[in-house]
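For reference, the structure discussed in these notes is given below.
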Amino acid sequence: MATATASASSLIGSTSVQLGRIRVLKQGILQPSPKPGPVVYWMFRDQRLRDNWALIHAVDQANRLNVPVAVAFNLFDQFLGAKARQLGFMLRGLQQLHSEIEEKLRIPFFLFQGEAIDTIPSFVKECGASLLVTDFSPLRQVRGWKEEIVKRVPDSVSIHEVDAHNIVPMWMTSDRLEGYARTIRPKINNLLPDYLIEFPPLKPQTKIWGAGNRSIDWEELIENETRKGADVPEVEWCEPGEIAALEHLKAFTKTRLMNYATDRNNPMKRNAISGLSPYLHFGQISAQRCALEARKFHKVYPQAVDKFLDELIVWRELADNFCYYETHYDSFLGASDWGRVTLMDHAFDKREHIYTMEQLEKAQTADPLWNASQLEMVHHGKMHGYMRMYWAKRILEWTSSPQEAVETAVYLNDKYHIDGRDPNGYAGIMWSICGVHDNDFQERPVYGKIRSMTYGGCRRKFDVDGYIAYVKKLVRDVKKRKGETCLIAHRDLITRNTRVL
Ligand SMILES: Cc1cc2nc3c(=O)[nH]c(=O)nc-3n(C[C@H](O)[C@H](O)[C@H](O)COP(=O)(O)OP(=O)(O)OC[C@H]3O[C@@H](n4cnc5c(N)ncnc54)[C@H](O)[C@@H]3O)c2cc1C
């Protein structure tokens, strides 16, 4: 697909979005008709109405053309194996977005079910749109759909892609695969003053969309969708939606950010990490908003803020760079050059244990620390960041090949993590197992020169027994709540049936 960063001439009038943030995926052929069609924003990754450059661009363009604008969302039958945990969080966030965007901005929200390559072009045709705006994701499936959509919309339709996820647009930062955080950091930092800016406010639309059935029975939809993936249930601790996301950010900057530099790598100190990853993954909050808010505290705790911004911006945007420029971002084939060589050199080293997928999934290994981290992920839906590294590295030790290790880690990570199926996850797994974005270390069996992490090392770093006890309690509490919910549902059912009788 031929893409070009937007030039002023490829846009309709000027826009309040920096041109570097917009790529023209398709330039529509000008039509003789003097009346342009509406603008449609196909929302995929950035599921919010606030601080969303893709929505801002769609609204800008609609206002300049004097046409209405709508948001379209496609709910896939199946996307990367999403379960009730991820689907419930996403749909509840969208439910809130639906009512807010129609009420506050007078922008209609359309929900389609099926394949985006069918639903989006057919909606574009049906409403006679002149411009389709979409947000950016580096994942191969999403890029494939866009290529197909470009072919399927009428010649008159232009398509613009806006990077509303990264603070510095992925394609502006670098045109190649970056090997390390240290190589991408200066590139990002050079452009940050241009892109880390306040968002312009959005006003309610005056050009109103015509008729069309937009009513959605959210309760029924959520019930049906979450029933499909009920083996990985929703979590209660993380309230979905952009309002909750902003409150979460506020609480973090006021009460935990100050501890970020010192305590973020201690799984027993929960008073440091942000817990923002579910919101960032589903685009319910903008990373740019998080950075702007965190920066306000720079004078008070400079080290903590610098460290947080480095993770939030450099490491997160490095993950997008990796998934965009490395085709094999979720496979051993995507290993760093030196990582591939050293892992192959040690491919036939004797493993102390080989566990089946079932044993790993059920946390039945000989390592109580690993089992605890696995259970934290399965039941709580979010493993502490430090444990994620240990967790993935030990899988390398317990599977018969590095390829199997990557596949196993991706499968479990994406199935159970509420923030799974994310470039951060693929880059994190490849960092842990294949040395991506990392240096080589002293050679050891199985790992070769890949950095290893050991139980003993963890013991020296934090209270391992405390962490295991903490997870045990967490699992007990989740199971107890589940039991109570089942009991209430059972009681309700009996009451309903008695009434019918
Ligand atoms: C094996 C492995 C698997 C991972 N799987 C995922 C995943 O599925 N989804 C996911 O979002 N992250 C994943 N990560 C990255 C990181 O561990 C999580 O983003 C972090 O733990 C989320 O918790 P938090 O928001 O409280 O983090 P905080 O420490 O508060 O960080 C704030 C934000 O910065 C970003 N960030 C932090 N650490 C990293 C990192 N190492 N790489 C990239 N971005 C980072 C995230 O967007 C995060 O939400 C994984 C890391 C590893 C090693």
Practice problem: In debye, nearest 20, what is the charge dipole magnitude of the range 327-501 about its Cα centre with +1 on Lys and Arg Cβ and -1 on Asp and Glu Cβ, if you could check? | Solution: 1000
Quiz item: Looking only at GluC sites (Glu not before Pro) in DSSP loops with at most 15 other Cβ atoms within 10 Å, what is the longest site-free stretch of the chain?
Solution: 237-351
Quiz item: For the chain, what is Rg from Cα atoms divided by 2.2 N^0.38 Å, rounded to two decimals?
Solution: 1.02
Quiz prompt | Nearest 10 degrees, 0 to 90: helix 181-195 Cα axis against the chain principal axis | solution = 30
Exercise. Specify which residue in the list Pro240, Asn166, Tyr470 is farthest towards the positive end of the charge dipole of the chain, using unit charges on the beta carbon of Lys, Arg (+1) and Asp, Glu (-1), about the Cα centre.
Key: Tyr470
Self-check item: Acute angle (nearest 10 degrees) that the helix 242-255 long axis makes with the longest principal axis of the chain, alpha-carbon atoms
Solution: 50
Practice problem: Quick one: accessible surface of Lys125, probe radius 1.4 Å, all protein chains present, in square angstrom to the nearest 10. | Solution: 120
Quiz prompt | Contact order relative to length of the range 116-254, as percent, for alpha carbon pairs under 8 angstrom and 6 or more apart | solution = 17
Self-check item: Per residue, in Å², the accessible surface of the range 195-324 once ligands and nucleic acids are set aside, probe 1.4 Å
Solution: 47
Quiz item: So, with +1 on the Cβ of K and R and -1 on the Cβ of D and E, and no other charges, what is the size of the charge dipole of the chain about its Cα centre, to the nearest 20 debye?
Solution: 1060
Quiz prompt | Coil-residue chymotrypsin sites (Phe, Trp or Tyr not before Pro) of the range 180-261, DSSP, other Cβ within 10 Å capped at 12 | solution = Trp237
Quiz prompt | Reach of Lys362 by Cα under 20 Å, taken over lysines that are not fewer than 8 positions away in the same chain | solution = Lys83, Lys382, Lys393, Lys415, Lys472, Lys473, Lys479, Lys480, Lys482
Quiz item: Antiparallel DSSP bridges in the chain: what percent, to the nearest 5?
Solution: 25
Quiz item: In deg cm²/dmol and to the nearest 500, what is the mean residue ellipticity at 222 nm of the chain if only DSSP H runs of at least 4 residues count, each as -39500 (n - 2.57), divided by the residue total?
Solution: -15000 deg cm²/dmol
Quiz item: What nm value, rounded to one decimal, do you get for the distance between Glu102 and Asn190 when each label is placed 7 Å out toward the C-beta?
Solution: 4.8
Quiz item: What does the accessible area per residue of the range 4-165 come to in Å², with a 1.4 Å probe and no ligands, DNA or RNA counted?
Solution: 35
Quiz item: Taking only C-alpha pairs under 8 Å that are 6+ residues apart, what is the relative contact order of the chain in percent?
Solution: 16
Quiz item: Want the number for Gln113 to Thr454: 0.36 nm per residue separation, take away the alpha-carbon distance, what's left?
Solution: 118.2 nm
Quiz prompt | Using θ = phi - 60° and Karplus 6.51 cos²θ - 1.76 cosθ + 1.60, couplings along the range 222-233 (whole Hz; Gly, Pro as x) | solution = 5, 4, 5, 5, 6, 5, 4, x, 5, 5, 10, x
Quiz item: How high is the relative contact order of the range 279-415, given as a whole-number percent (alpha carbon pairs under 8 Å, six or more residues apart)?
Solution: 20
Quiz item: To the nearest 0.05, what FRET efficiency results for Ala469 and Asn271 with a Förster distance of 25 Å applied to their C-beta separation?
Solution: 0.90
Quiz prompt | Charge dipole of the chain about the Cα centre (unit charges at C-beta), most positive-ward option of Gln141, Ser16, Ala427 | solution = Ser16
Quiz item: Rounded to the nearest whole Å², what accessible area per residue is found for the range 327-501 with the 1.4 Å probe?
Solution: 48
Quiz item: For the chain, what % of the accessible area comes from carbon and sulfur atoms, probe 1.4 Å?
Solution: 54
Quiz item: Helix 140-152 versus the longest principal axis of the chain: what is the Cα-based angle in degrees, 0 to 90, to the nearest 10?
Solution: 20
Exercise. Would you please give the FRET efficiency between Ile197 and Lys350, computed as 1/(1 + (r/R0)^6) with r the Cβ-Cβ distance and R0 = 60 Å, to the nearest 0.05?
Key: 0.60
Exercise. Divide the volume of the convex hull of the Cα atoms of the range 4-165 by its number of residues and quote the answer in cubic angstrom per residue.
Key: 108
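The values are calculated or read from the model by the stated rules, or taken from the named source; none is laboratory data. Source: prediction; values computed, not measured. For neighbour counting, all protein chains shown are included, and Cβ atoms are generated from backbone atoms with ideal geometry for every residue, glycine included. Each accessible area value is taken on the protein alone, full model and side chains, heavy atoms only, with ligands, DNA and RNA left out. Shrake-Rupley method; radii C 1.70, N 1.55, O 1.52, S 1.80 Å.
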